[in-house]
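A quick write-up on the structure given underneath.
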Amino acid sequence: MMDHQPHQNNNLSPAAVQLLSNVSGAYAAPFWDGLLEVTGSLDPIRAVRSAIAALNGCGKYDEAFHLVLALYDLAAIDIPNDLSELGPYPEGIAVFMDEFLLDTEDLLLDYEYADQHRAET
C-alpha cells in the first residue's frame, strides 16, 4: 500500500503523465525482477521498496529516483535511456516515482503470491 499522497502534478500535460505511467510500467518489473534475482529473497525487496517509498512520501522525489538509479547499477541492470533523460525534469521525476511505486505494489503482490505457493509445494 502506498504510504503517501501522490504528487500533485501542476505542470505536465495529461499525455506526458500517461507517457510517464507507461514508462514506469515498462521498467518496474525488470527492475524488481533483477533485484530479486540478486537478493534471492523478498525481505530485501520489501526493505528497498520501503526506503524508496519513504523518500518519495517526504517529497524527496529526486532522492528516491537516484536511489532507484543506484540500485540499477548495484544489480548490474542497464539503466534505460528514458530514465536517464528524466534527470533535468523534477516534475517528471515526481510523477514517474509515484507511478513506479504503484506498479511496485502490484508486483510485490505477485511476488508474495508466487512465494507463498512455492512454500506450499
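The values are calculated or read from the model by the stated rules, or taken from the named source; none is laboratory data. Everything numeric in this text was worked out from a predicted model, so none of it was measured. Reconstructed Cβ throughout: ideal geometry from the backbone, glycine too, with neighbour counts over all protein chains shown. Note: accessible area is taken over every heavy atom of the protein model, side chains too, but ligands, DNA and RNA are not part of it. Shrake-Rupley method; radii C 1.70, N 1.55, O 1.52, S 1.80 Å.
Taking every protein chain into account, the accessible area of the chain amounts to 57 square angstrom per residue (probe 1.4 Å).
Accessible surface of the chain, 1.4 Å probe: 55 percent of it comes from carbon and sulfur atoms. Relative contact order of the chain: 42 percent, from C-alpha pairs under 8 Å at least 6 residues apart in sequence. Against the chain, whose longest principal axis is taken from its Cα atoms, helix 42-57 shows a tilt of about 20°. Candidate values (i) -0.65, -0.74, -1.02; (ii) -0.71, -0.78, -0.98; (iii) -0.84, -0.91, -1.10 were compared with log10 I(q)/I(0) by the Debye sum over Cα atoms at q = 0.15, 0.16, 0.19 Å⁻¹ computed on the shown model; the agreeing label is (i). The protection proxy used here, the mean number of other Cβ atoms lying within 10 Å of each residue, ranks peptides 56-69, 86-99 as follows, highest first: 86-99, 56-69.
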